[in-house]
Amino acid sequence: MNILLGITGGIAAYRAAELARTLTKRGHVVRCCLTDAGSRFITPLTLASLTGQPCFGANPDYHEWRPNPVIEHIDLARWADVAAVVPATADIIGKTANGLAPDLLSTLLLATTAKVLWAPAMNTAMWAHPAVRANVATLKGFGHTIVEPVEGLLACGEEGAGKLADILDIADAVEALAGPAHPSLQGRRILVTAGPTREDLDPVRTLTNRSSGEMGVELARAFRNLGARVDLVLGGELPAPWGVATRRVRSADQMLAACRELWPEMDGLVAAAAVADQRPETFSPEKVKKAEGPETLTLVRTPDVLATLAAEKRPGQWLLGFAAESEAHVPNATAKLRKKGLDAILVNDIGGGRAFGHQANTLLPVTAAGPGEPLGPLPKDALAQAVANWWGDRLG
Ligand SMILES: Cc1cc2nc3c(=O)[nH]c(=O)nc-3n(C[C@H](O)[C@H](O)[C@H](O)COP(=O)(O)O)c2cc1C
């Protein structure tokens, strides 16, 4: 995708270099456009080197407007699939909200019909100023997306709202905005479960499993990028993805409670969490002391989240499950599909420690019609996209 990255004159301009790099590494073509004030904070040389593309706008060699066979602001405005202004000053926000175009960036922001995203960063009092609030509301009224600044310690020494959002969140927001929606997923409400659950023995000890939750989080991102409204019920420590309503849970009981609350509103379920099958029979509020001789831990079954939601499903709702199998993949997956009343199951070959951690992975889709074509091997983000597209196509 073609991303036009506008960089304006705030202290957070240096962080735009990381965003340019991140988006380039994710396979996008990124062209930067610096304002004059932006170029006091970061150089065109840095941005051109990181993106492998020319950097437009303010430039020590040719300044704002260069003699050029193409009309730069129109050319860039047409080229972009998405225009993201990161960081966005109070100044550029005010200009665009009021239709002003004194330089290349502000001009192309008026000229473009691409989707526009803003990641503002400024002093807390500036961000709270009624003029800025009104201008941001105007931009939202244009249909633009705002990645809200976060609270934290600002470069000016103040603490409060106005700090540039996390770069990975901004990258996510750009991708979510620009990606084409899938017709059968757009606007659909999808519940994704991800991560391990933890079953506590006492205040310091817990039973869990080796799932990181990465695949489930990538699935939430992938369905979001295809236009679905995603709710994520997440165990483990991974950060919540941008644009996904996330509830954090610890135990299987908590995961079930959160899912049951959301399920009636949903169109479908993507159950990628690695829910513990057992938990200790009792929880000791005090740390359990070691004893002499062999020690026994009695385990009891946890609730079956997937089976419970399948039993409570209303007509039209669909369920996608995952199975981690180390042997007899298809027969085991087919048995699980029938037993739990799923629409499809994606089989993960965990033989030899595969599927955990960061390496490329393959998923075999199994439906009532039998096994389909394997998806992958792909890294987890690309694999999640393949799953979301495959399922969207099947729904269609
Ligand atoms: C050291 C310094 C830091 C600044 N940081 C910010 C900032 O974080 N956010 C902001 O809105 N303006 C900030 N400004 C003010 C802008 O640079 C100023 O409004 C400028 O005209 C913005 O121009 P531009 O929007 O064309 O880049 C800062 C100014 C200076 C001198």
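Assorted remarks:
- Listed by chain and number, the lysines placed with their C-alpha closer than 22 angstrom to that of K140 are K95, K115, K163; residues fewer than eight positions away on the same chain are left out.
- The chain, dipole about Cα centre (Lys/Arg Cβ +1, Asp/Glu Cβ -1), debye to the nearest 20: 520 debye
- Partners for K380 among lysines (Cα-Cα distance below 26 Å; same-chain residues under 8 apart left out): K25, K336, K340
- Principal-axis tilt of helix 329-340 within the chain, Cα atoms, nearest 10 degrees: 80 degrees
- A simple rule links phi to the HN-Hα coupling: the Karplus curve 6.51 cos²θ - 1.76 cosθ + 1.60 with θ = phi - 60°, which for region 100-117 gives 9, 9, x, 9, 4, 4, 5, 5, 5, 5, 7, 7, 7, 9, 5, 6, 10, 10 Hz, with x for Gly and Pro.
- Between helix 13-25 and the chain: long-axis angle, C-alpha atoms, 0 to 90°, nearest 10: 60 degrees
- Remark: the Cα gyration tensor places region 27-135 in the prolate category, a/c being 1.5 or greater and a/b exceeding b/c.
- Within the assembled protein chains, the solvent-accessible surface assigned to E199 is about 10 Å², based on a 1.4 Å probe.
- Separation of the D277 and A134 label points, Cα + 7 Å toward Cβ, nm: 6.4 nm
- Cα lying deepest toward the dipole's positive end in region 2-178, options P87, I7, T113, charges on Cβ: T113
- Listed residues E218, E265 arranged by accessible area, highest first, probe 1.4 Å: E265, E218
- Taking packing as the residue-averaged number of other Cβ atoms within 10 angstrom, the listed peptides 316-323, 172-179, 275-282 run from highest to lowest as 172-179, 316-323, 275-282.
- Placing a label point 7 Å from the Cα of V204 along the Cα-to-Cβ direction, the residues of region 276-300 with a backbone N closer than 15 Å are 284-291.
- Summarising the strand pairing of the chain, around 25 percent of its internal DSSP beta bridges are antiparallel.
- Heavy-atom accessible surface of K140, to the nearest 10 Å², is about 100 Å², with a 1.4 Å probe and all protein chains retained.
- Whole-Å distance, taken between Cα centres, linking region 249-270 and region 153-212: 17 Å
- Between 0 and 90°, nearest 10: helix 252-262 axis offset from the chain longest Cα axis: 60 degrees
- Karplus (6.51, -1.76, 1.60) ³J(HN,Hα), θ = phi - 60°, over region 209-215, in Hz, Gly and Pro reported as x: 9, 8, 5, 8, x, 4, 5
- Note on the chain: GNM, Cα springs under 10 Å; of A257, A16, A228, the largest mean-square fluctuation is that of A257.
- These residues, I350, I71, I7, go from largest to smallest accessible area, 1.4 Å probe, as I71, I350, I7.
- Rough spin-label spacing in nm, given labels placed 7 Å along Cα→Cβ, for N389 and L153: 4.4 nm
- Amide H to amide H distances under 5 Å link L207 with E199, D200, L201, where only residues 5 or more positions off or on other chains count and H is placed in the peptide plane.
- Reachable aspartates and glutamates, given that their alpha-carbon falls under 17 Å from the alpha-carbon of K290 and they are not under 8 places away in the same chain: D200, D202
- Listed residues P303, P285, P379, most fluctuating in the chain (Gaussian network, C-alpha, under 10 Å): P285
- Rg in Å to one decimal, and Dmax rounded to a whole Å, for the chain via C-alpha atoms: 24.6, 86
The values are calculated or read from the model by the stated rules, or taken from the named source; none is laboratory data. Computed from a prediction, not measured in an experiment: that's the story for all the values here. Because the Cβ atoms are built from the backbone with ideal geometry, glycine has one as well, and the counts that use them run over all protein chains shown. Accessible surface areas use protein heavy atoms only, side chains included; no ligands, DNA or RNA. Shrake-Rupley method; radii C 1.70, N 1.55, O 1.52, S 1.80 Å.
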